[in-house]
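Chemist: If you scroll down you'll find the structure; I have some questions about it.
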Protein chains: 2
Amino acid sequence: MPGDSRAAGTPHSRPSSSEEPPGLEDRELLLAAAYVSDAQYNRNVPFETSAQAIRLYHFYNHWTMRAATYFFIWVDLALALFEEPAVFPLPFLVTSIAEVLCLTAFFGRLVHFAKVTPQKVFWKDTKNICVMVTIVLTLIDLVIYASLEAVNIRGVRWSRALRPVFLINFPESRQIRRAFRSIRNTLPDILYVFLLFLFSMMIFSLMALKLFGDRDLRTVEGSPYFTNILDIAFELYVLVTTANSPDVMMPAYELNWWYSLYFIAYIIINTYIFMSVFLAVVYNNYRKHLKNEIHTLAYLKRHKMTEAFNILKVKVGTEFVVKEARWRRLVKVVAPGISSSHLELLLRISDEGQTGHVDKMNFLRLADLLNIRVVAINIKKHPLETWMPRVYQSSTSLLVQKMVQHRIFVWVYDVIILINAIFIALDEKDSLISYAEWLFLSLYIIEILLKLYTYEPSAYFGRKQFWNWFDTLIIIAALLATVANTTIQARKYNSQQVLDIVLILRILRLLRVIVSIQRFRVIVTTLINIGPTMLTFGGLVLVVYYAFAIIGMEAFHGKVHFLDPSSGSPDAAVCGNPALKDSAFARGRYCKNNFNDLASSLVLLTELTVVNQWHDILSEEEAFALLADGFALATHQAAKLYFIGFHVVVVILIVNIFIAFILEAFFVAYSLEKSEVETAIEKKIQELGVGVQEEDMKDGGLIDHVDTKDSGFSADEGGNKKRDLRGLYFRIASKKYKTVDTLLQQMFESEIAPEGKDPSLEEILNFSPKKLNFGNSA
Amino acid sequence: MPGDSRAAGTPHSRPSSSEEPPGLEDRELLLAAAYVSDAQYNRNVPFETSAQAIRLYHFYNHWTMRAATYFFIWVDLALALFEEPAVFPLPFLVTSIAEVLCLTAFFGRLVHFAKVTPQKVFWKDTKNICVMVTIVLTLIDLVIYASLEAVNIRGVRWSRALRPVFLINFPESRQIRRAFRSIRNTLPDILYVFLLFLFSMMIFSLMALKLFGDRDLRTVEGSPYFTNILDIAFELYVLVTTANSPDVMMPAYELNWWYSLYFIAYIIINTYIFMSVFLAVVYNNYRKHLKNEIHTLAYLKRHKMTEAFNILKVKVGTEFVVKEARWRRLVKVVAPGISSSHLELLLRISDEGQTGHVDKMNFLRLADLLNIRVVAINIKKHPLETWMPRVYQSSTSLLVQKMVQHRIFVWVYDVIILINAIFIALDEKDSLISYAEWLFLSLYIIEILLKLYTYEPSAYFGRKQFWNWFDTLIIIAALLATVANTTIQARKYNSQQVLDIVLILRILRLLRVIVSIQRFRVIVTTLINIGPTMLTFGGLVLVVYYAFAIIGMEAFHGKVHFLDPSSGSPDAAVCGNPALKDSAFARGRYCKNNFNDLASSLVLLTELTVVNQWHDILSEEEAFALLADGFALATHQAAKLYFIGFHVVVVILIVNIFIAFILEAFFVAYSLEKSEVETAIEKKIQELGVGVQEEDMKDGGLIDHVDTKDSGFSADEGGNKKRDLRGLYFRIASKKYKTVDTLLQQMFESEIAPEGKDPSLEEILNFSPKKLNFGNSA
């Protein structure tokens, strides 16, 4: 916990700051750097402040260590692809060795963490306990399974459902944990709405039983209609997902059209109103809790920066400040790759009066300053202009350049793309059309060459020129694939894979039209902005899907088989399972919807998320479930619970949180304005006269002779600052590609109280709603 | 327009206010009352200020006139039930006479309005033009249809689809118009997202064509799979609604499981992300435009109150005020039914210093004050206590009362209700159980009697005691129906209708459990709070459904017939249409889903809103469409357009606005606090010592000896105010049952800038985004 770390850290650090200027130990610099780095990345890991522990902590946060951890997590998760039931079968020995290897890596990471963090904190943190318990459980499961295997009894690898625990519980997966906490905090409120919803469903079920139960009605399949209260409740639950509308209503509606009012009332109340209320409650709670957490994070960041300041400060006049040299050393440790021009810029912003030291207020901003990507821009001539200025500056050449820069050039190519789309839609058998493909391909290549001729190449392929990269890569890939395909076809060997890729690439080219329409670009940019954050939900969904897929595989594996219908086997029509004879499942050719391997399971779960027809799938799964009489888990009721559980978790909780997030992110991204710190930097850049007007930069494809360069600017450190910056231009990297935390913080920035004084640690801890859980909110 | 009315009104009114005290003409009082009343109900109808026009305007706003207008609107809409194709057929002569009658009424209302409002304004208002054009068109249509009928040619009653115009365009339907304006304002933004969405769908369609078109795949029905670009686009559009998932994917998935990635990508991008973006854009715009409108309304209200003040003001000292007597006269004209105690309370609040006059600031609040329902409460003794105090105060009687008031009493009855639920779920054939029904009924009646014994009856059935009324009415109805049913059964005559009603009533009783659980009550109260506002959406949906139903009836009427399967007719299996042989439509027994009358059409449209299976319905409608070759409208493509159009309008626009509204309303209602004016009133009530603690009032069913009375308190007007108020208690009527405007205003109250100075009319008009449309925003 930060509290402990401060308690441990302060006695060591305080003396050095009173020792005055030069004597700054390496340990103290590293400690300050660790605080700043933690503040920059919003890490809240309490660590020991001994010299060794700090070095270990830096190593712990090193990207190689984190990458290795992720690598092992993914290997562990991917093992399900190779284990029985496998997509690509591997012997048990291989997968188990791989799993033990992963477990060892996780254990090593945990030991490393234990060395860094105080003992007391380590054992209090549920994350660590979770990981340890999971490692032990997995080992036990492995041993049991192996021993059973040795005597030829097939066991259940139940511990596999626990694998996502590693993905959640390592400190790197803050975002996923935050999403989970969001869900956990929303649960109590959701629960009451859910109970009320169940109650209303129960009332409607009773009504249906009384209204239709004694009528001797039959469904289309000829089974009794609405005679059993549990079946009715289940059908009505499915009706909420709209999956069985209007079939469920038809028998009653045929009887008398007044009965349709019953179903319409049900749909309005339960499908529309309750589902909206779910969304409202989830959204409301999501915002509330997120705001609390971001609030806490902001305070903790400030606290860490204050710690760092206390280590480095010296007294100048009446106030404590950090000397310039010390500040430089710190920044170099925190951000080793920083260019000296960038460093100078940051110093200018932090030390406005050029007094040679940075005061506290400006020092505290450092973490935010480091988070803002500033791009140093070097305005360069086109290489052709340097090599053969006469030719490049000739009137023909200038005309070409003017033409390419003209708006009509873009329009012409938009028209070409649309014509291409029509040609793609036409039949390809025609040789004229397949020749036209070559024509289009050459037209696109000419376009790229013309642009490269007109614009400076390294600017055209600048780091942020997403659409230029997209264009060029697609064209090159299409070219290669088309050539490969032609070669293959010439040899009468038709490779479907290559052809598919060619086709998809050819069509993806059409996406370029979006770039020329301003309104489309705004929407797409917004979507790309929130893209990285959506990945958090990817992680969340993966965790849930993985656990459900493993359980589903253990429970329903092998109950349904897909047999090629052309094989003529009688089993093909019943999915290899006689119990499915004449079922809607087999009739609908759903045989491939099974739990026979991880890939199929994940596809099936996606289908269930889209909710449609899931009760078709489900009603047949019941059939399997009944079949698997030897298999205790897969009883009739348990199978239903599995599917309903999945629906409740995924559709009611996760999809709603996803929608809530998109809503919130879209509102913010639509009106995305620069943060306070960004504005400060921009002002400074303008003041120093080294800014590039952002309007010039806006049009992704039309940057003129501008070179984006991030490093490699050599400057003698220290003096001559003004000269260093001359001839070099800066701009704030585009508003895209923000980190999750930045986006979230920006969401609530305006609502977080302005920071006046330093909050004491007590205040921060009091502010936090869950004191004991604090370590977990890291 | 208000501007014109002021321009016309001021020259007349200004002299009277400078003429000093007594000489207030009736005309001026009425004019001021009209302004205040308009401000109170947020009406923005510009009216002439001549004495006759004002009187006409008061008459125009009288509730009888408005009720009559609504009556004729509903009659006009209901005509579709009786016209060919009819639910209850009536001869054309009858319906056409009824329609002409309605049109006359509408015309009369319009003429009335024209007399009230300035000519210039009248002819500029699109609402009036719309109504007139619709009247003329309807008459033309009637004449054409009648002449064709006379020569035995069946015409198309196309003007019927215009009938909702009347519902929208009379000034009374402000809320519906506002919702429509919301939609109209959202359209441009939605349009771009929709185009991008279509573009993405097109890209995916092309991919599907190229990937699957040449594979010679077959769907389950055996038709070619993904070979025609238009069919693919349509299938993919349907996939967005999730209606054909996973069927649409199965053939490709069977070929190779990698192809499922194509569909998963499509679902993530188009179903989840785009649909969320639609919601986000709709929600964002909805809020923005609503805020603007409410803002304008607030300014207009203030403006009207200022007008009224200017008419009534006299100069006292340095400032203009309204004398108490004049204020009283005004309030009595504006709210004729107001009780004198309520009037005194309002005067006390408005004239805080008891100076005998009301200053401008307090006068401007009058409209808000009148909108707040203050209930005068008279604490009364139980009638039994008055009649036989000895018995009622005996220890046994007190014990009974204490018992009934105890919490356990509620719990006991909750348990009884739950047991009752179990009995309902059990088979009713058992005579023991049908006797138990009588037992439960008597238990419930005993409960109500006990409560009436304990609580003062007129308090128990107070105006706001929703649950008590609900309880009692349900029990009495169940009692009557059960008795009726038993009588009928005894005569061996089984009436299904009566039995159904008994069953439903019996089950509705179970709803009472909700009241005893605090968290449930909060949710239900919130839902009831936003209930009236949801009715706006009911109106909106009705308008859209009605128009689509009429069009659908004209286009698809008689293409599908429901014939009783038990009749054994061969046509029954194909819904009376040979083209439907072997179709999924007929197999699914969807024959009742047709456009043969208004009721069926509305049910079918509801099914389409729930989106599932709509492409089954649709694909068959195409079949009809093809059949109706003589019928120009119902071509293949037009039929598809009808259904897609309905989906876009209802699901993408209206359902999203509905969700947006529920989200917003739920956020507000969850944290519903008293408005500023309510607080002022409450403070005054407390100051005067005539308040009832709201905590005492909260528990709907447990109000002790309190009588709610709104009028009938006789007090000599004028002096002795203190005495008038003594012995009488006030409280602000519960937070429920707010008007739409109040709820909306409260939503944005905090965001509307505090009103400092009087805004000039120019400011208001400049504020409004659409100057020319201003009359329409009424």
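Derivation of every value follows stated rules applied to the coordinates shown; laboratory data play no part. On a predicted model such as this, the values are computed, not experimentally measured, just so you know. Cβ sites come from the backbone with ideal geometry, for glycine too, and all protein chains shown count toward neighbours.
Chemist: Shortest first and in nm with one decimal, please list how far the B:S442 label point sits from its counterparts in the other copies (point 7 Å along Cα→Cβ).
Modeler: So the label point of B:S442 gives 10.0 nm to the other copies.
Chemist: Could you give me the ³J(HN,Hα) list for region B:41-55, computed from phi with Karplus coefficients 6.51, -1.76, 1.60 and θ = phi - 60°, whole Hz, x at Gly and Pro?
Modeler: 9, 6, 7, 10, 9, x, 9, 5, 10, 6, 3, 5, 4, 5, 5
Chemist: Modelled label-to-label distance, B:E319 and B:T104, 7 Å Cα→beta-carbon offset: nm?
Modeler: About 5.6 nm separates the two model spin labels.
Chemist: Could you work out the Kirkwood radius for region B:384-516, taking every pair of different alpha carbons, averaging 1/r and inverting it, reported in Å?
Modeler: 16.4
Chemist: So, one more: At A:F461, label 7 Å along Cα→Cβ: distances to the other copies, nm, ascending?
Modeler: Shortest to longest, the spacings are 8.7 nm.
Chemist: Could you put B:E607, A:E456 in order, starting from the residue whose Cβ has the fewest other Cβ atoms within 10 Å?
Modeler: Details: B:E607 25, A:E456 21.
The most exposed by this proxy come first: A:E456, B:E607.
Chemist: Here's another thing I want to ask about it. Multiply the residue separation of B:A51 and B:Y435 by 0.36 nm, subtract the distance between their alpha-carbon atoms, and state the gained length in nm to one decimal.
Modeler: Contour length minus the Cα-Cα distance gives 131.3 nm.
Chemist: With 10 angstrom as the radius, rank A:M361, A:M553 by how many other C-beta atoms surround their C-beta, starting from the fewest.
Modeler: Lowest to highest Cβ neighbour count: A:M361, A:M553.
Chemist: Looking only at other chains, what is the average number of their beta-carbon atoms within 10 angstrom of each beta-carbon in B:593-605?
Modeler: Taking all residues of B:593-605 together, the mean is 2.
Chemist: Can you tell me the length gained on complete extension of the stretch B:L191 to B:L230, counting 0.36 nm per residue apart and subtracting the Cα distance?
Modeler: 11.9 nm
Chemist: Hey, what do the phi angles of region A:222-236 turn into as Karplus ³J(HN,Hα) couplings, whole Hz, using 6.51/-1.76/1.60 and θ = phi - 60°, x for Gly and Pro?
Modeler: x, 7, x, 10, 6, 10, 10, 4, 5, 4, 4, 4, 5, 4, 5
Chemist: Just want the ordering: A:W387, A:W257, from fewest to most Cβ atoms lying within 10 Å of their own Cβ.
Modeler: A:W387, A:W257
Chemist: Further question on the same structure: If Lys and Arg each add +1 and Asp and Glu each add -1, what is the summed charge of the other residues whose beta carbon sits under 10 Å from the beta carbon of A:V45?
Modeler: -1
Chemist: For A:F82, what charge total do you get from the other residues with a beta carbon under 14 Å from its beta carbon, if Lys and Arg give +1 and Asp and Glu give -1?
Modeler: On the way: positive: A:R157, A:R160, A:R163; negative: A:D76, A:E83, A:E84, A:E99, A:D597.
Local charge sum for A:F82: -2.
Chemist: ³J(HN,Hα) across region B:318-333 via Karplus (A = 6.51, B = -1.76, C = 1.60, θ = phi - 60°), whole Hz, x for Gly/Pro?
Modeler: The phi angles translate into 9, 10, 7, 9, 10, 5, 4, 4, 5, 4, 4, 4, 4, 4, 5, 6 Hz.
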